[in-house]
Amino acid sequence: MNRRVVAQSVRRWLDEESFNPYNMSSNPVNLQTAPSREPPTSEAIGSLQKHSYVQILRSSATIGGASVVNVAIGIVRMKAMALLLGPAGIGLLGLYILIADLTRSIAGVGVNSSGVRQISEAAGSGDADRVARSVTVLRRISILLGILGAVLLVAFSEEVSALTFGNEQHSGAVALLSLAVFFHLIADGRAALIQGMRRISDLAKMGVLGTLFGTILSVLIVYFLEKDGLAPSLVAIAATTLVISWWYSRRVRIQLPAMTPYQVKQEAASLLKLGVAFMASGLLMMGAGYTVRIVVLRYVGLDAAGLYHAAWTLGGLYIGFILQAMGADFYPRLVAAIKDDAESNRLVNEQTQISLLLAGPGVIATLTLAPLVLALFYSSEFAEAVDVLRWICLGVALRVITWPMGFIIVAKNRQAIFFLAELAWALVNVGLTWFCVQAFGLAGAGIAFFASYVFHGLMIYPIVRRLSGFRWTGENRRAGLFFIASIMVVFCGFHVLPPVPATGLGVSLFIASAICSLRALLRLVPLSGMPRWVRQLFSRNWALGSRSRP
């Protein structure tokens, strides 16, 4: 076939301005149903797949670049909080965060996640009116749910304090957290529009600005008020998040429709029906996390709860940007393709492959440098969290593998299966934590987390295999075995070798895995398809290398 014809075919299918219905400017929404096209040639399909890898990597790099900035800011925040509060104060902060997040999950009824799905599905079909209706109703519901959540937390503040801490001394702080719940739920409704439209750059900027201003305000409040400033600092962070989400959401100009009460009711019912499944999932995960911390607090103490919170935060810090990219870019794309099992399975395999290549070296580095990372982010008082951090790293490595598969269940809107799978994981996680903490102390919480994701993977794979015929590609099986084996070797090395040889082994495997990942990424995505900052970095290094040659 003539190369020019092939190139034109590929260009028509890959043109982001016409093919991608989510790529919207700040102009008013003006979606038109795409005209029918002839199926692409096999050469065009190959280029389309290459473009998919580019898109995954670019979205991951965008979110990842923002995460790097967030990590740098987070170092300052965590270090300041650790020095100001100590392990007990960090434990108290972690419990306050869980209370606010759990209330937010219950009161939010999952409408933020269901709103993302509705908006992305409507945008994918080119229905501008449906996008506008979804956005309008979502914003109204978010305000009502925010009020409801705040009222509930104030009303039950004494009971929540007694359940969490064993007394009512913290009921005033718990009641104050109602403002954080209110601000966050309204902000979630705004952010759903940004995510549903897949405005990845705006999502990244929102995260960076929220982290920056939230850090400044929270550290200042805790500096002046000490432990009494923990709840007000969380309220300040939530208020900052609301202002930033409002600013960016207003840039997506939606022509608000005139809706009858029946239309509002119908749209709200659709959001709430799907949202209940998301709410149940969020509630189970938050509830499991809350229960785990209560178990640690009851059996090991408040200092141990602080150590666990520190390890939990650091264990998911690097992996967080990959999981955020899944939610921000991969999930809306999967929703648009979910009726085509072959296409959706291809997307899941591609996302898994890129996620493994990006996550593997980072997990090995965190395992190897766990003492240094804890001292850098917190202080030497947190050295006892090393063991639990390493167990959590094993769990998050498995999470990177299992999460893309789980999105198939969500995208297919199989609510009952989704809920039962999350319930099974939560029960296993809590049950294992209760047993392992009593048997192994603080490290038992990390052991339980790792074991729960072994169970999660064994449960999810057969489910999605039945739903869509999904199976891992040969490349993913090999990459998964390589990285899991490398991670386990490093982990075991610290239990059977002296610290110095174990660290040397970890550093060696980190370098080897990083080189393998980079080579694999360059095979999948040419340098021209890499994000701009990556191309500039390579160009600068090559230029320096060429000048150093005689």
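Each value in this text was obtained by applying a stated rule to the coordinates, not by laboratory testing. Model, not experiment: these values are computed from the prediction. So basically every Cβ, Gly included, is an ideal-geometry build from the backbone, and we count neighbours across all protein chains shown.
Residue-wise HN-Hα couplings along region 415-430, as the Karplus relation 6.51 cos²θ - 1.76 cosθ + 1.60 with θ = phi - 60° gives them from phi, are 5, 5, 5, 4, 5, 5, 5, 5, 5, 4, 4, 4, 5, 5, 4, 5 Hz; Gly and Pro carry x. In loop segments of region 265-351 as defined by DSSP, the trypsin sites (Lys or Arg not before Pro) with at most 15 further C-beta atoms inside 10 Å of their C-beta are LYS339.
Global dimensions of region 126-193 from alpha-carbon coordinates: Rg and Dmax equal 16.1, 54 Å. With the cut-off at 1.5 for a/c, could you classify region 80-214 from its C-alpha gyration tensor as rounded, prolate or oblate? Oblate, because a/c is 1.5 or more while a/b does not exceed b/c. When only Cα pairs below 8 angstrom with a gap of at least 6 residues are kept, region 388-518 shows a relative contact order of 30 percent. Would you mind classifying region 45-527 by shape? Square roots of the alpha carbon gyration tensor eigenvalues, ordered a ≥ b ≥ c; an a/c under 1.5 is rounded, otherwise it is prolate if a/b is larger than b/c and oblate if not. Cα axes put region 45-527 in the oblate bin. Within straight-line reach of LYS265, meaning a Cα separation under 18 Å, sit the following lysines at least 8 residues removed in sequence or on another chain: LYS273. Computing FRET efficiency as 1/(1 + (r/R0)^6) for ILE143 and LEU84, where r is the C-beta to C-beta distance and R0 is 35 Å, gives about 0.50.
Taking all Cα pairs closer than 8 Å and separated by 6 or more residues, the relative contact order of region 45-527 comes to 21 percent.
Sequentially through region 103-108, phi angles give Karplus couplings (6.51, -1.76, 1.60; θ = phi - 60°) of 5, 4, 5, 5, 5, x Hz, Gly and Pro residues having no value and appearing as x. Here's the list of lysines a cross-link from LYS205 could span, going by alpha-carbon distance under 24 Å and ignoring same-chain residues fewer than 8 apart: LYS79.
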